[in-house]
1. Please enumerate the residues belonging to segment 79-98 that are modelled with pLDDT of 90 or more and either over 26 Å from S49 (Cβ atoms) or surrounded by fewer than 15 Cβ atoms within 10 Å (Cβ to Cβ) (or both).
2. Any idea how many residues of segment 35-78 are in contact (Cβ under 8 Å) with a residue 24 or more places away in the chain, surrounded by fewer than 19 Cβ atoms within 10 Å (Cβ to Cβ) and among the acidic types (D, E)?
3. Quick check on my filter: what residues within segment 1-19 are part of a helix (DSSP H, G or I) and either more than 14 Å from F60 (Cβ to Cβ) or modelled with pLDDT of 95 or more (or both)?
Amino acid sequence: MADTSRELKGLRILVVEDTLLIAELIASALDDCGCAVVGPAGHLARGLSLANSEKLDGAFLDVDLGGESCVPIAQALDARGVPYVFITGYDDLARLPVEYQAHPRLSKPFDPDQLGTLAERHFRR
């Protein structure tokens, strides 16, 4: 973890997750890696606002935000060139439009150590 922490120190990572306990777990794991957590946002509108206004190095996006898709947030991040990883408790790829189905995903439940590994792989400078 020490090498990962060095690679991730100071990265600003947006967390969009509608389940409070999972959002706290993600934020804590990223904080342990030296990341600065933006959010967490539990709703589409707040996540979209942060995605459009904050300086970001990456994002973890829950696919289903209380029945709303996170795709508008992904589109905003794409427009800004910010990488992201989808988080989902579903195996069904049909929840995402076809153009997002090959995008990096983390399946729930997950080991918090996986977050640092994914952040290093997809977000490090």
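The values are calculated or read from the model by the stated rules, or taken from the named source; none is laboratory data. Just so it is clear, the model here is predicted, and its values are computed rather than measured. Don't worry about glycine lacking a Cβ; one is built from the backbone with ideal geometry, like all the others, and counts go over all protein chains shown.
1. Quick first cut of segment 79-98, residues modelled with pLDDT of 90 or more only: 79-87.
Selection gives A79, R80, G81.
2. Count: 3.
3. Here is the first cut: in segment 1-19, the residues part of a helix (DSSP H, G or I) are 2-8.
A2, D3, T4, S5, R6, E7, listed by residue number.
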